[in-house]
Amino acid sequence: MSHAELVGSAGVAGAAASGAELGLGRRAMFAPIAVAAALGGCASAPTVSGPSLAAVPASTPTSGAAAATQVDRIADAYLTAVLKRRPLLGYFIDRPPERHDQLADNSSTALTAWYAVEDALLARVRAVDPTLLEGRPQWITFGALKERLEASVQQRICRSHLWSVSQMRGWHLRMPDAAKLQPTETAAEREQALSRWRKLPAYIDTEVRLLKRGLQEGYSATRSVVRRVIAQLDGYLALPIDADPFFGIAERTDDPRMKAGFRALVADEIRPAVIRYRDFLRDTYLPRARASLSITANKDGRACYEAMLRGYTTLKRSPEEVFALGQKAVAANRVAVQERGRALFGTGDYAEILEHVKTYPQDAFDGREAIIAFARARVEAARAAMAAFFERLPEDEAVVEPYPPHLDGTGVSSRYEAPKGDGPGTYRIAVNDPKQSRRGREEIVAYHETYPGHHLQIAFAQRLTGVHPVSRVTRNAAFIEGWARYSEALAEEAGLYESPTGPIYRRTWPARGMVVDPGIHVMGWDREQAVAFIRASGRFDRTAADRMVDRIATIPGQLTSYDSGALEIFALRKMAEDALGGRFDIKAFHLTVLENGTVPLWMLRAHVTRWVRAQSS
């Protein structure tokens, strides 16, 4: 899972490159294929005041050039509006704000104002005829914007701001990450740093008010998630001031006045606010939080889940369709596991194979540092193997770094953090239980997060020239996580798995997320059913399975995105191989998939289809 996705809202992640238009790699952009009708529909744009919208004409463009200009201006306005609403986001997508003294306004009033901005921009997107963009890079920008805005509007029914308690993406995780990037080089920046983080206690108190309102109106997080967040907050509060991430802002300077100011701010204002939040969760919220894992226990929960699925996958599939497709893929993977089990262990019994894999003696680690060292070695081996499959590789290095000790074992997952500025991409590895870790499993995650997975794709996208910067905030989980899941298989094709258990482990989990996620939220599964299904993969013990269940509870639909995207990429590759035969070029296929950055899955299919037709002729 990418760090950028954690920072964004459902279905959104940050990272890509700068420029005025979408980069086309080495080929000219194709015309839209069989999607113009789906994108059509015009509406007059309402007038919304504000500097980010003023430059966007309200008229309907009638020529290709006018339509392209309109799309560029809408994209400019959307990016400006998003960064104004979420000033910390700029640090994660290499577009830091001019001033460094603002936090997001998390009030209901600010949210209502944001809805008006979204509505105005969506109306103006819909006023553009996509057929006018044929052969132009703005077709990609147009489709990504329309997908993002429509999905966001659909997700309003979730009222997520009223049940925002999350061990995966809560403010208590995002704010310390942003604090690491706070500029402090000049006197003015140091003053702005103090000004910004003095706003944090009020932000926290607003979160409490929103959660209280959520309880009154029928929205809450599930109790098991609340318990995890309380444990994370306890871990933070147990840190000495000198190790506090907010005091760390001042520790990066030699300014004694700033250090004194931040020490007082942390001790007298920020920590008391965190204590108020923690105590509210423990004493008031937890007893009233929903017992059910399913989002359908919240008001309008079914509609919310459908909206979340669309946001994460860019597909309009029902939960039942996702569930059935996942079951089919899991069954096929089971057969593949049995085939490999016969070859490695001499048995085709699925349960016996999993037991052999779990107890494979060469797979054990002797401690936390051994896991980290192993991951670093596999990342380096993967990087060296990529030249055979890709025409170009990202310039940025990928490094492996553990979480701070106070977060280990609290439910955080391993994740990828995209390069910032000239820094490396980071595989943030979770070392929750060294005794339960296995080499085959650790390899899969390393390839998923770095090469040929998240790091290769995201760092590559960040170096594309000419990409409209709005692509940094219109990305979707199905493409990002789908590519990473596809990469787990590509690593096997490249001969990267050092442990013979890796190729078996790799097939035990994929597509189960498409089953267990709607299973929990729509099909009526309880915790024990979900845990049993997750553990049947052989990839997770009881503790890890419980963590996975709570992850699904707090981010409904997200776990379906991995294989929704991967199955599409696999299908597109098979289509290309069948059509091109001996002319199929794996490097050219991968470039075709990656060269436009992150796009909705329906746009990816159109692009690859066009490429196959061009190669065939």
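Quick notes on this structure:
- Flag set for Val379, criterion: part of a helix (DSSP H, G or I), modelled with pLDDT of 95 or more and under 22 Å from the mean Cα position of the chain (by Cα).
For every residue, the table says whether it meets (1) closer than 24 Å to Glu443 by Cβ; (2) in contact with a helix residue (DSSP H, G or I) (Cβ under 7 Å, 6 or more places away or on another chain).
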| position | (1), (2) |
| --- | --- |
| Pro510 | yes, yes |
| Val516 | yes, yes |
| His521 | no, yes |
| Gly524 | no, no |
| Met548 | yes, yes |
| Thr554 | no, yes |
| Leu559 | yes, yes |
| Asp563 | yes, yes |
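- When the test is whether a residue is surrounded by fewer than 17 Cβ atoms within 10 Å (Cβ to Cβ) and either of a type outside the set (Asp, Glu) or touching a Phe, Trp or Tyr at 6+ places or on another chain (Cβ under 6 Å) (or both), Arg613 passes it.
- Residue in segment 82-101 that is among the small types (Gly, Ala, Ser), in contact with a helix residue (DSSP H, G or I) (Cβ under 8 Å, 6 or more places away or on another chain), crowded, with 19+ Cβ neighbours inside 10 Å and modelled with pLDDT of 95 or more present: no
- Pick from segment 249-266, criterion out of contact with any Phe, Trp or Tyr (no Cβ under 9 Å at 6 or more places or on another chain) and of a type in the set (Gly, Ala, Ser), ranking: farthest from Asp205 (Cα to Cα): Ala260
- Flag: Arg340 matches the condition of being touching a residue at least 40 places away in the same chain (Cβ under 8 Å) and not in a loop (DSSP other than H, G, I, E, B).
- Residue satisfying condition, being within 28 Å of Leu233 (Cα to Cα) and of a type in the set (D, E, K, R), within set Arg124, Arg159: Arg159
- Taking segment 533-547 as the range and being within 22 Å of the chain's Cα centre (by Cα) and farther than 11 Å from Met168 by Cα as the test, the residues that pass are Ile534, Arg539, Phe540, Ala544, Ala545, Asp546.
- Matching option when the condition is more than 29 Å from Met548 (Cα to Cα) and touching a Phe, Trp or Tyr at 6+ places or on another chain (Cβ under 9 Å), among Val117, Val153, Val165: Val117
- Restricting segment 55-96 to residues that are within 21 Å of Gln138 (Cβ to Cβ) and among the basic types (Lys, Arg) leaves a set whose member that is nearest to the chain's Cα centre (by Cα) is Arg95.
- Single match in Thr222, Thr206 (criterion: under 29 Å from Pro183 (Cα atoms) and either among the β-branched types (Val, Ile, Thr) or buried (at least 19 other Cβ atoms within 10 Å of the Cβ) (or both)): Thr206
- In segment 258-279, residue surrounded by the fewest Cβ atoms within 10 Å (Cβ to Cβ) [restricted to those that are among the basic types (Lys, Arg) and in contact (Cβ under 8 Å) with a residue 24 or more places away in the chain]: Arg276
- Residues located in segment 121-170, provided they are surrounded by fewer than 24 Cβ atoms within 10 Å (Cβ to Cβ), touching an Asp or Glu at 6+ places or on another chain (Cβ under 7 Å) and touching a residue at least 60 places away in the same chain (Cβ under 8 Å): Pro137, Leu149, Ser152, Ile157
- Some residue of segment 479-495 being crowded, with 22+ Cβ neighbours inside 10 Å and assigned to a loop (DSSP other than H, G, I, E, B): no
- Unmet criterion (only one of (1) surrounded by fewer than 22 Cβ atoms within 10 Å (Cβ to Cβ); (2) under 19 Å from His454 (Cα atoms)) for Arg605: (2)
- Filter result for Glu595 (touching a residue at least 24 places away in the same chain (Cβ under 8 Å), outside the structural domain of Gly482 (by TED's automatic domain parsing) and acidic (Asp, Glu)): yes
- Residue in segment 269-292 that is outside any helix (DSSP H, G or I) and hydrophobic (A, V, I, L, M, F, W, C) present: yes
- In this entry, Gly423 is excluded by the filter for residues that are small (Gly, Ala, Ser) and part of a helix (DSSP H, G or I).
- Segment 452-464, subset assigned to a helix (DSSP H, G or I) and not β-branched (Val, Ile, Thr), residue surrounded by the most Cβ atoms within 10 Å (Cβ to Cβ): His455
- Residue that is surrounded by the fewest Cβ atoms within 10 Å (Cβ to Cβ) [pool: residues in segment 417-451 that are in contact with a helix residue (DSSP H, G or I) (Cβ under 6 Å, 6 or more places away or on another chain) and more than 12 Å from Arg378 (Cβ to Cβ)]: Pro434
- Output for segment 290-318, where each listed residue is crowded, with 21+ Cβ neighbours inside 10 Å and within 21 Å of Gln529 (Cβ to Cβ): Arg290, Leu293, Ser294, Ile295, Asn298, Gly301, Tyr305, Met308, Leu309
- Residue satisfying all of: in segment 298-337; among the β-branched types (Val, Ile, Thr) and assigned to a helix (DSSP H, G or I); nearest to Pro510 (Cα to Cα) among these: Val330
- Filter result for Tyr497 (under 30 Å from Arg95 (Cβ atoms) and of a type outside the set (Asp, Glu)): no
- In segment 523-548, residue farthest from Arg223 (Cα to Cα) [restricted to those that are in a loop (DSSP other than H, G, I, E, B) and at pLDDT 95 or above]: Met523
- Tally of residues being out of contact with any helix residue (DSSP H, G or I) (no Cβ under 7 Å at 6 or more places or on another chain), among the charged types (D, E, K, R) and within 28 Å of Ser152 (Cβ to Cβ) across segment 452-502: 3
- Qualifying residue in segment 510-533 (condition: crowded, with 21+ Cβ neighbours inside 10 Å, in contact with a Pro (Cβ under 8 Å, 6 or more places away or on another chain) and either of a type in the set (A, V, I, L, M, F, W, C) or under 25 Å from Gln457 (Cβ atoms) (or both)): yes
The values are calculated or read from the model by the stated rules, or taken from the named source; none is laboratory data. As the structure is a prediction and not an experimental result, all values here were calculated from the model. No Cβ is skipped: glycine too gets one built from the backbone with ideal geometry, and neighbour counts run over all protein chains shown.
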